[in-house]
1. Are there any pairs, at least 6 apart or on different chains, whose C-beta atoms fall under 9 Å, with the first in region 25-52 and closer than 15 Å to E4 by Cα and hydroxyl-bearing (S, T, Y) and the second surrounded by 11 or more Cβ atoms within 10 Å (Cβ to Cβ) and modelled with pLDDT of 95 or more, and if so, which?
2. Quick one: E58 ticks every box in (1) acidic (D, E); (2) in a loop (DSSP other than H, G, I, E, B); (3) modelled with pLDDT of 90 or more bar one, so which box is it?
3. Please pick out the residue among I52, I13 that is on the phi < 0 side of the Ramachandran plot, modelled with pLDDT under 95 and of a type in the set (V, I, T).
4. List the residue pairs whose Cβ atoms are under 8 Å apart, where the first residue sits in region 1-21 and is in a helix (DSSP H, G or I) and among the aliphatic types (A, V, I, L, M), the second is exposed (fewer than 13 other Cβ atoms within 10 Å of the Cβ) and modelled with pLDDT under 95, and the two are 6 or more positions apart or on different chains.
Amino acid sequence: MKFEEKINKIDEIITELEKDEVNLDDSINKYTEAMKLIKECDSTLKKAEEKITKLVTENGELEDFKDLEEN
């Protein structure tokens, strides 16, 4: 499942839970599913952040973006 699809699914689950029409067992299952998706999205975002904080130098080496800001 793509990142955007996971976000949409989380939104759907929240909407269902806010309606207060779901029984307790289903609510717990949906909450658990949403938390799993949130953790997966968080991991994806952290990996993306790591990638964009590094730049490729002219000789092809990766360098921290923060190091470049200090120069």
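The values are calculated or read from the model by the stated rules, or taken from the named source; none is laboratory data. None of the values given here were measured: they were computed from a predicted structure. Methodologically, a virtual Cβ is constructed for each residue, glycine included, from the backbone with ideal geometry; neighbour enumeration extends over all protein chains shown.
1. These pairs meet every condition: T44/F3; T44/K6.
2. (3)
3. Step by step, each of I52, I13 is checked, and only I52 is on the phi < 0 side of the Ramachandran plot, modelled with pLDDT under 95 and of a type in the set (V, I, T).
4. Filtered contacts from region 1-21: no entries.
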